[in-house]
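The structure appears below as structure tokens.
The values are calculated or read from the model by the stated rules, or taken from the named source; none is laboratory data. If you're wondering where the values come from, they're calculated on a predicted model, not measured in any experiment. Virtual Cβ from ideal backbone geometry, glycine too; neighbours counted across all protein chains shown.
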Amino acid sequence: MKYIFVTGGVVSSLGKGLAAASIGALLEHRGHKVMIQKFDPYLNVDPGTMSPYQHGEVYVLDDGAETDLDLGHYERFTSGKLSRLNSLSSGQVFETVIRNEREGKYLGATVQYIPHVTDEIQKRLFDVTEANPDVDILITEIGGTVGDIEGTLFLEALRQFALEVGRENVCFIHVTLLPLVKAAGEIKTKPTQQSVAKLREIGIQPDIIICRTEHDLDEDNRRKIAMFCNVEKKNVVAFRDVENTIYQCPLDLRRDKIDRLVVDRLGMSESPTPDLKDWESFVDRVVQPEHSVDIAVVGKYIELQDAYKSIYESLTHAGASNNTRVNVIRVDAEAVEEHGAEKVIGTVDGILIPGGFGDRGIEGKIATARHARENNIPYFGICLGMQIATIEFARHVCEITAATSTEFDKEANEPVICLQEEQKGIRDMGASMRLGLQKSIVYPDTKAAEIYNNATEIFERHRHRWEFNPDYLDRLQEGGLVISAVSANEGLVEIIELPKHPFFIAAQYHPEFLSKPNFPHPLFHAFVSASLIAKGVAATQAS
Ligand code: GLN
């Protein structure tokens, strides 16, 4: 196994995750088996408990691990399927060390940051290596910025680890920022020099420096960075701001041959030049598609760029497969609540309601689903968006006017969405989430079956607590709602659809976690196609 560690310097939000994902994509296109993972120095055990304001989206893996959104980039850019082993936080490390101490596992030793905490971090690297014998290259991104107190233990652990596995098997890549000082009209390399100095203080000499810059990186600056940071000039790589799509990142990094530098450094020089034709054609279709559609995404955290990351990425993938630019119109559900759907959303080609928790903006979302249903606008509901569609249908079609979810009203008289425990009459509600990949059965002769290419079994990732209440099944079905899929284990409703509507489909799971650039999720693809048709363009299936 060869190891790449990606650290960051100067400022946060440098796009380290995208750099790691892009390197992974390039190496995979060279034929290597790659896995990318993240070490986060914060003390939360996982991001599942963090507000989207703090952390953006929580990305869910097959095994139900709730992880950082960067893992979404890793899975979209490479084919490696990740597990909870691939996401480590200080919270997990300390939790384990303290539990070990309480269990007497350190045999009376004084428990210390070094070696006990650093050993625990290294152990994770060995565990991942052991669990993935077919992987050739393990890329680990270290969250945060070099110089942060909380990151120091991770860096120390990596220094020791490189000694342990042999420095020739490790490539340290440091991502930094080259700011432009406008008044002087100059790009400045000093912050980069200083952050590399900080790394070297810990004992880590980076092999490659990736410089985020808005402009071209000239020879002078490359030379300066090389000299002060003690790397070869060719190992100073420019990473310009991409204009159109993040999927350009691998192509951009390839200009300075990052993948070649990495394989040379790791002694894997025999690997062939990557064949990026598929990737390039995907990027072309994203950048210069023939058609466009306007899709309103109606949510609660709409102002946050990162809160619905995977949804936006999935729309991009489905846009490319439909040769269509998806213009996302972000709509705040509370604005709909205040001014009405007609005024705030009006005519769009499609409406998507993503997942969410809590009751803020709920009435706005219900009004949105009604607007889509009554005006024949394609509607795609995801998780909460499916529960909303169910409530809307119950209220306005089946005349169950008090229909709601017990998430919004604990004393609901008409709980069309409720906790399974409540449904079973259990009072003590542990109410743990349904998380991770689960099997569903798709019913034939439904739109969903058609979209899934007549598959009878599908596997999708979940992250939710509340469920469609089976007590209302008959009444809603009588009203015209079609249940098109149920969970294999408990028969819980997984997909609903309206057969008379051009496209009204909602899923209890999260299809956005399984969409990839050249493999758009079928539901997203079908939704964008339907939006095109709604706009009057016959859907084109790009090859
Ligand atoms: N709040 C809802 C539930 O827990 C929906 C969750 C979601 O959309 N991810 O069931």
Among residues of region 339-355 being within 16 Å of the ligand (Cβ to nearest atom) and of a type outside the set (Val, Ile, Thr), the residue surrounded by the most Cβ atoms within 10 Å (Cβ to Cβ) is 352
Note on residue 140: of the conditions (1) of a type in the set (Ser, Thr, Tyr); (2) under 21 Å from residue 43 (Cβ atoms); (3) at pLDDT below 95, unmet is (3)
Note on region 488-510: residues of a type in the set (Phe, Trp, Tyr) and either away from the ligand (no atom under 16 Å from the Cβ) or free of Cβ contacts under 8 Å to residues at least 40 places away in the same chain (or both) are 503, 504
Within region 42-53, residues exposed (fewer than 15 other Cβ atoms within 10 Å of the Cβ) and within 20 Å of residue 512 (Cβ to Cβ) come out as 51, 53
Every listed condition ((1) of a type in the set (Ser, Thr, Tyr); (2) outside any helix (DSSP H, G or I); (3) within 14 Å of residue 39 (Cβ to Cβ)) holds for residue 176 save (3)
When region 42-67 is checked residue by residue, the ones that are farther than 22 Å from residue 150 by Cβ and touching a Phe, Trp or Tyr at 6+ places or on another chain (Cβ under 6 Å) are 60
Open item on the list: Checking the structure you have, find out if any residue of region 533-541 is in contact with a Leu (Cβ under 7 Å, 6 or more places away or on another chain) and either at pLDDT 95 or above or crowded, with 24+ Cβ neighbours inside 10 Å (or both).
Closed with: no
Kindly evaluate residue 191 against the criterion of being in contact (Cβ under 8 Å) with a residue 60 or more places away in the chain and surrounded by fewer than 16 Cβ atoms within 10 Å (Cβ to Cβ).
yes
Filter result for residue 235 (of a type outside the set (A, V, I, L, M), over 25 Å from the mean Cα position of the chain (by Cα) and surrounded by 20 or more Cβ atoms within 10 Å (Cβ to Cβ)): yes
Taking region 76-128 and the residues there that are touching a residue at least 24 places away in the same chain (Cβ under 8 Å) and in a loop (DSSP other than H, G, I, E, B), the one that is surrounded by the most Cβ atoms within 10 Å (Cβ to Cβ) would be 78
For region 356-393 the number of residues that are away from the ligand (no atom under 16 Å from the Cβ) and out of contact with any Leu (no Cβ under 6 Å at 6 or more places or on another chain) is 10
Expected output for region 273-291 (first residue in a helix (DSSP H, G or I), partner surrounded by fewer than 19 Cβ atoms within 10 Å (Cβ to Cβ) and of a type in the set (Ser, Thr, Tyr), Cβ below 7 Å, 6+ apart or cross-chain) is 283/245; 286/245; 287/245
